[in-house]
Each structure stands twice: as C-alpha cells, then as structure tokens.
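Read the figures in this text as sums done on the coordinates, not as results from a lab. Every value quoted in this text rests on a predicted model; they were computed, and no experiment measured them. Cβ sites come from the backbone with ideal geometry, for glycine too, and all protein chains shown count toward neighbours.
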Amino acid sequence: MSVSAKEMALVDAATDLIRRRGTAHSHAAAVLCADGQMYLGVNLYHFSGGPCAEVVALGRMLTDTEWPPIVVVAVGRDGRGVVTPCGVCRQILYDRWPDIALVISRGGDLVRVALTELLPEP
Ligand SMILES: [Zn+2]
C-alpha cells in the first residue's frame, strides 16, 4: 500500500532527527498514535543491547497517552533511509499491538505494510 502524507511526515521527522542526532545514535523512529500525535525516539546503544529507536519512541508515546500506536517507521543514519524493524521490535509490536502497520522500503519504494506481513508463519 502506498504511503499517505501523514506517514510520509513520520519518515521526514525521523530522517530529520537522525540527521541532527546521528553522531551519537544510529537510528531514529517515529510513531503515529491513534490520537494523531507523532512521537519520536532514537536508539540508546549499549554493548549489552540498548533499546532500539522504535522502543524509545513507543515509550515516549506511552508516557503521554493510553492511545495505541498505529504506524511505526525507523530510519538509519548515514543515508541508510527507512529500515525494517529488527526481530525484537517486531516481536514487541506483535505482542502489544498486532494490528499495527509499518512503513518500510521495498524495492526502493516506501510502502505501508501490516506488521504480520513481516512475521514468519507460526
Ligand atoms: Zn529493534
């Protein structure tokens, strides 16, 4: 499915964030909440496995509201652009919000996909 203007705004915000904070972080993420608000986060690298940017953005959202997230996008620094969330993030999202959508890059195009499209069959 093609990306809406609001979803493109998530991509732009995460891209802008990682451009500004990319010296200390490798990824930024943006979450669109069901209430229409956008929440941003950057990863917290630690050798023991710090949280990904998606988890940080979701934590910021959960700090402010009980509304669920509806779309998540992650962007890598150094021009990597939109990246697909890692397996841990996919599992966290599936366990909490199985109907959530992601914006990912597929064949060079940005597309909106259901999280379940990126999970293996049980
Ligand atoms: Zn992750």
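Structure notes:
- Yes/no for Ala101 being closer than 19 Å to Ala5 by Cβ, out of contact with any Asp or Glu (no Cβ under 7 Å at 6 or more places or on another chain) and either among the small types (Gly, Ala, Ser) or surrounded by 13 or more Cβ atoms within 10 Å (Cβ to Cβ) (or both): yes
- Count of residues meeting criterion [at negative phi and away from the ligand (no atom under 15 Å from the Cβ)] in the range 21-53: 13
- Residues being within 16 Å of the ligand (Cβ to nearest atom) and in a loop (DSSP other than H, G, I, E, B) - total across the range 65-113: 7
- Test: Val56 is buried (at least 24 other Cβ atoms within 10 Å of the Cβ) and either within 15 Å of the ligand (Cβ to nearest atom) or assigned to a strand (DSSP E or B) (or both): no
- Some residue of the range 4-13 being of a type in the set (Val, Ile, Thr) and either within 22 Å of Arg106 (Cα to Cα) or crowded, with 17+ Cβ neighbours inside 10 Å (or both): yes
- Cβ-Cβ contacts under 6 Å between residues 6 or more apart (or on different chains), taken from a first residue in the range 76-97 that is under 18 Å from Ala9 (Cα atoms) and basic (Lys, Arg) to a second residue that is assigned to a helix (DSSP H, G or I) and more than 9 Å from the ligand (Cβ to nearest atom), are listed as Arg77/Ile18.
- Restricting attention to the range 9-18, the residues that are hydrophobic (A, V, I, L, M, F, W, C) and within 12 Å of the chain's Cα centre (by Cα) total 4.
- Hits in the range 66-75 (condition: surrounded by 14 or more Cβ atoms within 10 Å (Cβ to Cβ) and closer than 14 Å to Gly36 by Cβ): Pro68, Pro69, Ile70, Val71
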